[in-house]
Amino acid sequence: MKNLIDGFLHFKHHIFPREQHLFRQLGARQNPQALFITCADSRIVPTLITQSRPGDLFVCRTIGNQIPLHGTPGDGGVGSAVEYALEALDVRDIIVCGHSDCGAMKAVLYPEKTAALPTTKAWLKQAEAARATVIGNYPDAADDVLLHVLTEENILAQIRNLTMHPSVAARLARGQLDLHGWFYYIHSGEITSYDKDRKRFRPLVTGAPSADSRPQLQHLSRGDAA
């Protein structure tokens, strides 16, 4: 706790004074650019990896960046965040961001890992469709490849769940919303984004990820996940 308190004191005495005008504006209203739905993993800091300022992102974090289908048990928290972002804040972009070395995806791939975590096990049932796709299509793949492909498939599965939310469906139909699937690589700082035309994840910016960013997936990519 000492580090956290010391960090607050540094913010209060050194950072806040330099940004008083911004915080005064934010004290009255917010106008975020995007809704950023990502994993609760402590290594994922949306404002850090996007270099956003306070007020830029409306963030929703869940174990395994899961988005329950609208109207199902567990939908309330995520569903209300989506609804508020769209209807109250008029957000025009939603990013669903998974990441490398995801403990939740490991638990989906190997259900025995959740034996002592019944609530987590129930929550991760949102990813069963992604797991079935991976297990059915890549039976001989190595563990690291399975984990990578599962993480990608899970991002796409959660985006599909997202499209069933009434607020999302309505805005998509009117052309007032864009959905984005991102995969963040903790160890290299790279991000890949799902390309709907090519049906695969590609570097978010020009230039390929470093050689060790991804397992060898070329011969395994289904290319028709969404």
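Here, each number is a calculation from the coordinates, and none is a lab measurement. Please read all numbers here as calculations on a predicted model, not as lab measurements. With ideal geometry, Cβ positions are generated from the backbone for all residues, glycine too; neighbour counts draw on all protein chains shown.
Summary table
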read-out: Residue among H187, H13, H70 with the largest mean-square fluctuation in a Gaussian network model of the chain, springs linking Cα atoms under 10 Å; value: H13
read-out: Burial ordering of Y194, Y84, Y138, fewest other beta-carbon atoms within 10 Å first; value: Y84, Y138, Y194
read-out: Nearby aspartates and glutamates by direct alpha-carbon distance to K121 (threshold 19 angstrom, same-chain neighbours under 8 apart not counted); value: D41, D75, D101, E112, E153
read-out: Mean shadow area of the chain over all directions, Cα convex hull, nm²; value: 14.8
read-out: Virtual spin-label span in nm between T72 and D101, 7 Å along Cα→Cβ; value: 3.0
read-out: Under the span-like rule (Cα at least 27 Å along the axis, Kyte-Doolittle mean at least -1.0), DSSP H helices of the chain; value: 143-163
read-out: Cross-link partners of K2 among lysines (Cα-Cα below 27 Å; sequence separation of 8 or more within a chain); value: K12
read-out: Positive minus negative residues near Q176 (Lys, Arg vs Asp, Glu; Cβ under 11 Å); value: 0
read-out: Antiparallel DSSP beta bridges within the chain, as percent of all bridges there, nearest 5; value: 30
read-out: Helical contribution to [θ] at 222 nm, DSSP H n ≥ 4, -39,500 (n - 2.57), averaged over the chain, rounded to 500; value: -10000 deg cm²/dmol
read-out: GNM result for the chain, Cα springs below 10 Å: residue of I191, I94, I15 fluctuating most strongly; value: I15
read-out: Cα→Cβ-extended label distance, 7 Å offset, between S52 and R202, nm; value: 2.4
read-out: Gained length - A129 relative to S80, 0.36 nm times residue gap less alpha-carbon distance; value: 15.3 nm
read-out: Estimated distance in nm for a label pair at N137 and D93, the labels positioned 7 Å out from Cα along Cα-to-Cβ; value: 2.6
